[in-house]
Amino acid sequence: MKNFYSAADVADIERLVDQVIALKDQGLRTTATQGPGSGKRMLLLFFNSSLRTRLSTEIAARSLGMEVISMDMGQSWKWEITPGVVMSADSAEHIRDAAQVISSYVDIVGIRCFPTLQDRAADKRDALIKTFIRHADVPVVNLESAQLHPLQSLTDMATIRAHFAEKVPRIVLSWAPHPKALPHAVAQSFLQWAGAMQWQVTITHPDGYALPEDYTRGHHYEPDQRKALTDADVVYLKNWSSHDPYGQVLNTDPDWMMTTEKMALTNQGLCMHCMPIRRNVVATDEVLDSDCCIMYEQAAMREQAAQVVLQELLKDTGS
Amino acid sequence: MKNFYSAADVADIERLVDQVIALKDQGLRTTATQGPGSGKRMLLLFFNSSLRTRLSTEIAARSLGMEVISMDMGQSWKWEITPGVVMSADSAEHIRDAAQVISSYVDIVGIRCFPTLQDRAADKRDALIKTFIRHADVPVVNLESAQLHPLQSLTDMATIRAHFAEKVPRIVLSWAPHPKALPHAVAQSFLQWAGAMQWQVTITHPDGYALPEDYTRGHHYEPDQRKALTDADVVYLKNWSSHDPYGQVLNTDPDWMMTTEKMALTNQGLCMHCMPIRRNVVATDEVLDSDCCIMYEQAAMREQAAQVVLQELLKDTGS
Amino acid sequence: MKNFYSAADVADIERLVDQVIALKDQGLRTTATQGPGSGKRMLLLFFNSSLRTRLSTEIAARSLGMEVISMDMGQSWKWEITPGVVMSADSAEHIRDAAQVISSYVDIVGIRCFPTLQDRAADKRDALIKTFIRHADVPVVNLESAQLHPLQSLTDMATIRAHFAEKVPRIVLSWAPHPKALPHAVAQSFLQWAGAMQWQVTITHPDGYALPEDYTRGHHYEPDQRKALTDADVVYLKNWSSHDPYGQVLNTDPDWMMTTEKMALTNQGLCMHCMPIRRNVVATDEVLDSDCCIMYEQAAMREQAAQVVLQELLKDTGS
């Protein structure tokens with residue numbers, strides 16, 4: 001594996017998923033000093049804040065024996081993305097230069113860079129991480145970009161597979177209310193990976209929240225949430241902002257919140273969420289504190305998912 | 001030891017204090033790769049800035065072989081503490097969820113969370129760290145909460161004991177002027193730990209600065225600073241803001257500043273401060289630069305105190 | 001070597017430069033657990049943001065086996081520098097106390113502290129880092145101070161020497177336009193180190209941008225950029241703000257930008273820059289993307305430069 005930007009970077013997704021589960025089941029930690037990452041270095045660049053992704057990735061890298069440096073890029077770092085521009089404005093460094101220099105110091109780079117939610121075309125290009133990948137000499141891990149969140153999706157696939165080893169599960173992606181405009185990456189990435197797993201997802205959301213066809217292709221849309229939930233094995237809850245008009249909160253109707261009454265429509269379905277989750281907005285405490293909710297298990301799986309991805313990337317870096 | 005939130009978490013405080021001193025006297029560093037923390041991970045969460053506590057704790061953890069991640073939580077992370085609330089306001093995550101997820105990634109968590117100094121009841125509940133402890137599956141170390149600063153207090157006890165191995169010292173806690181409203185945790189925690197050491201402290205402060213009886217019980221109040229200092233073996237300087245009205249600067253009278261003239265009243269007393277210290281406000285340069293001032297020795301002891309606490313906590317975590 | 005603040009701290013600069021090149025040529029990494037820094041700790045304090053310096057120094061220190069802690073000091077940490085002052089204003093800690101305490105926790109300290117560009121006299125004193133050095137018990141590495149950037153300069157010397165092993169190169173320091181007022185440290189430090197290498201530099205800049213005689217002594221000024229460039233072997237590009245009036249942008253004339261037309265005047269000269277670089281402001285894309293530009297090689301050399309400096313400092317710290 002050369003980079004980990006989207007599902008398309010993975011030759012055999014099912015194998016990757018199974019590796020994550022196997023690692024989880026082993027319950028062992030690789031000893032750092034003998035790990036396959038020994039003598040290797042990873043840089044994590046956070047243009048947006050992160051708890052789960054930072055902890056799980058940093059821990060996974062160290063478990064493999066890597067040295068890790070995490071940097072909060074905050075507002076102070078604005079990389080120029082446009083080629084050929086006269087850099088007399090805000091940006092002090094061009095991303096192609098940053099990518100080249102960083103490549104000379106470290107062996108793997110992770111980048112988190114959320115969408116603007118204002119400029120739809122720019123967000124769709126996912127320019128920051130894609131430009132970095134183009135100019136870097138080392139593998140890049142997507143820690144959630146404007147478009148995708150593959151570490152989350154690998155975790156999600158592994159968590160679902162761990163519960164449905166034999167059966168193809170009936171999965172529902174159910175939009176949830178939220179007071180703020182949120183990115184689309186988790187939902188889009190979930191559909192991309194589920195598709196690669198050959199799992200058809202039933203998507204349900206209010207008017208105005210359709211996701212781009214690039215991601216929904218091969219899946220199914222059901223506008224009636226209760227119909228969608230009927231007989232579901234897995235209910236994946238997630239808010240995202242509207243695509244058209246772009247980046248808006250069009251609907252906060254609490255009727256879209258997940259409740260035990262609605263979960264009762266499912267086939268004793270499991271409830272998942274990538275977290276952080278707003279309780280009693282996205283789902284009731286009652287749902288989240290019941291046995292059907294496996295979000296903690298899902299969050300814990302993040303570590304194994306990151307470890308498997310890093311192992312794959314390390315295979316393609318020289319020693 | 002299961003957690004390290006207050007003196008009450010320690011079965012045998014004197015043994016802990018003696019361990020700190022023994023470690024200091026050894027002058028050795030545990031080799032990380034063979035340390036008792038090898039393969040263990042510690043997360044340090046700073047909701048407020050920290051120099052001594054961060055450095056000493058991080059260094060102690062690494063000396064024991066642990067992997068350490070420090071995160072500045074700043075303003076961007078607001079955890080919901082109230083149970084059952086509809087999370088449609090600022091907080092993006094409930095502390096119970098954060099505590100559960102973090103517990104799945106690391107083996108020990110340290111938290112620094114200062115008081116608001118505005119909402120007395122909330123501060124008194126010490127809700128953030130206490131709620132985290134309640135929901136976490138791993139030990140939690142108090143890196144200074146709204147109410148207590150036990151790592152500082154263990155250091156203080158060890159520093160005093162190192163000078164008074166045989167004798168019960170006469171200790172004075174002397175309020176000092178300060179331009180800003182400061183938390184009460186260091187002073188309160190000092191009284192709690194000194195009490196547990198069976199040391200009666202003489203507290204001296206201006207009107208309006210009485211500390212809660214929970215902490216002053218068993219100690220002695222003397223309003224006249226000069227009387228309090230007479231024949232003292234140890235003078236512990238510390239500013240704190242008022243309790244009633246809450247969180248105010250009621251007095252900045254420089255006559256409460258420590259001077260060599262006042263130190264002359266003591267029994268060749270030692271002068272201590274947890275640092276950072278405002279020179280020529282809390283005490284004169286002359287006092288701080290004289291041999292009686294042992295604040296650097298005290299600050300250095302922070303490392304051994306942290307190491308002993310982590311060793312104790314590691315004993316109670318599985319391998 | 002006791003500290004690494006300026007070229008004056010280095011007994012034999014040429015040996016240091018050769019060590020950097022040798023290390024680069026070896027292409028090996030010291031194994032951390034057996035490195036000369038094993039059991040040693042380094043603290044990096046950043047009062048200003050840093051990418052190259054932080055990454056290269058942190059990585060170098062870890063490669064030597066050291067434990068490294070990097071702290072963003074941002075706005076929240078203001079150390080009092082003036083001795084004897086009544087600390088009732090903003091600063092919560094005196095630098096002499098911070099230096100003493102930090103010395104008790106770590107073995108080497110790195111500090112980045114840019115100039116104010118407002119108070120010329122204060123900047124010239126380079127008070128923060130110099131006062132810290134005076135009060136610290138451990139070696140201090142200058143990660144770019146108000147006046148100097150010796151890690152950059154050592155890299156620069158090593159990069160030049162690697163290309164001119166036999167010959168004394170003709171070096172031009174060519175001022176470049178920039179929209180913001182930048183510090184003088186890189187340019188001044190470059191002149192200091194080049195002087196110590198016995199290399200006479202031709203400096204070219206517009207009116208009002210003269211550097212202090214302390215640094216220009218032994219070098220040569222040529223106001224006509226094209227004349228200066230003629231037959232040059234090395235062209236070092238750098239913007240700096242004016243010295244008189246202090247800290248201003250007096251000139252943004254794009255005619256000072258480096259172009260291929262101007263590079264053609266040189267003796268197939270190499271183009272260098274410390275980065276980050278504003279493309280099409282400091283130099284055209286055409287120059288920067290041509291083979292003559294060795295700024296990536298120069299940036300990569302930062303790691304070896306840092307490693308050599310740390311090795312030297314470690315020799316002078318006890319075990």
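The values are calculated or read from the model by the stated rules, or taken from the named source; none is laboratory data. Not measured: the values here are computed from a predicted model. Here the Cβ positions follow ideal geometry from the backbone for every residue, glycine too, while neighbour counts run over all protein chains shown. The accessibility values were calculated without ligands, DNA or RNA, using every heavy atom of the protein model including side chains. Shrake-Rupley method; radii C 1.70, N 1.55, O 1.52, S 1.80 Å.
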- Message: Going by amide H atoms built from the backbone, whose H comes under 5 Å of the H on C:Leu270, apart from near neighbours?
- Response: C:Val234, C:Val235
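Just to confirm a number: summing +1 for Lys and Arg and -1 for Asp and Glu over residues other than A:Val85 whose beta-carbon lies under 15 angstrom from that of A:Val85, what do you get? Each step should come with its number before you reach the end.
Working: positive: A:Lys78, A:Arg96, C:Arg278, C:Arg279; negative: A:Glu80, A:Asp90, A:Glu93, A:Asp97, C:Asp285, C:Glu286, C:Asp289.
That sum, taken over residues with Cβ under 15 Å, equals -3.
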- From the residues A:Pro206, A:Asn239, A:Gln188, which one has its Cα farthest along the dipole of the stretch A:170-252 in the positive direction, the dipole being from +1 and -1 charges on Cβ of Lys/Arg and Asp/Glu about the Cα centre? A:Asn239
- Loss of accessible area when A meets C, both sides summed, Å² nearest 100, probe 1.4 Å: 2600
- Message: Using only the alpha-carbon atoms, how far is helix B:13-26 inclined from the longest principal axis of chain B? Give it as 0 to 90 degrees, nearest 10.
- Response: 90
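Sum up the charges of everything whose Cβ sits under 11 Å from the Cβ of A:Leu182, counting Lys and Arg as +1 and Asp and Glu as -1, but leave A:Leu182 out.
On the way: positive: A:Lys180, A:Lys238, A:Arg278; negative: none.
Counting the neighbours of A:Leu182, the net charge comes to +3.
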- Note on the structure: Amide H contacts under 5 Å for B:Ser70, restricted to residues at least 5 apart in sequence or on another chain and with H modeled in the peptide plane, are B:Leu44
- Reach of C:Lys2 by Cα under 27 Å, taken over lysines that are not fewer than 8 positions away in the same chain: B:Lys24, C:Lys24, C:Lys40, C:Lys78, C:Lys124, C:Lys130, C:Lys315
- Task: Only Lys, Arg, Asp and Glu count, each charged at its Cβ (+1, +1, -1, -1), so figure out the dipole size of chain C about its Cα centre, rounded to 20 debye.
- Result: 500
- Message: Report the Cα-based extents of the stretch C:211-319 along its three principal axes, largest first, to the nearest Å.
- Response: 55, 37, 26
- Which residues qualify? For B:Leu173, with a placed amide H closer than 5 Å and at least 5 residues away or on another chain, they are B:Thr202, B:Ile203, B:Thr204, B:Tyr236
- Item | Rounded if a/c under 1.5, otherwise prolate or oblate - chain C, Cα gyration tensor axes | oblate
- Message: Please report the spacing between the Cα centers of the stretch C:190-213 and the stretch C:82-150 in Å, no decimals.
- Response: 26
- Note on the structure: Computed from every Cα-Cα pair in the protein assembly as shown, P(r) in 10 Å bins starting at 0 and rounded to whole percents is 2, 11, 19, 21, 20, 16, 9, 2, 0
- Under 13 Å from the Cβ of A:Gly195, count the other residues' Cβ atoms, weight Lys and Arg +1, Asp and Glu -1, and hand me the total. -3
- What is the mean number of Cβ atoms from other protein chains located within 10 Å of the Cβ atom of each residue in peptide B:152-159, rounded to a whole number? 0
- Query: So what is the calculated 222 nm ellipticity per residue for chain A, using -39500 (n - 2.57) for each DSSP H run with n of 4 or more, over all residues, to the nearest 500 deg cm²/dmol?
  - Reply: -10500 deg cm²/dmol
- Query: In the stretch B:164-298, how many lysine pairs have Cα atoms under 20 Å apart, counting only pairs 8 or more places apart or on different chains?
  - Reply: 4
- Item | For the stretch C:95-164, diffusion coefficient by Stokes-Einstein and Kirkwood Rh (Cα), 10 °C, 1.306 mPa s, µm²/s | 120
- Message: How compact is the stretch C:61-182 by the rule of thumb for globular proteins, expressed as Cα Rg over 2.2 N^0.38 Å?
- Response: 1.31
- For C:Tyr296, inter-copy label-point distances (7 Å, Cα→Cβ), nm, shortest first, read 4.8, 4.9
- Query: Which angle between 0 and 90 degrees, to the nearest 10, do you get for helix C:52-63 versus the longest principal axis of chain C when only C-alpha atoms count?
  - Reply: 50
- Message: Could you tell me the center-to-center distance, by alpha carbons, between the stretch B:55-81 and the stretch C:261-280 in angstrom?
- Response: 44
- Calculate how steeply helix C:295-315 sits against the longest principal axis of the alpha-carbon atoms of chain C, using the helix alpha-carbon long axis, and give the answer as 0 to 90 degrees to the nearest 10. 30
- Message: Suppose every Lys and Arg Cβ carries +1 and every Asp and Glu Cβ carries -1, with no other charges. What dipole size does the protein assembly as shown come out with about its Cα centre, to the nearest 20 debye?
- Response: 720
- With one decimal in nm and the nearest listed first, the spacings from A:Arg134 to its own position in the other copies, using label points 7 Å along Cα-to-Cβ, are 5.3, 5.3
- Within the stretch B:110-184, trypsin sites (Lys or Arg not before Pro) in DSSP loop having at most 16 other beta-carbon neighbours inside 10 Å: B:Lys167, B:Lys180
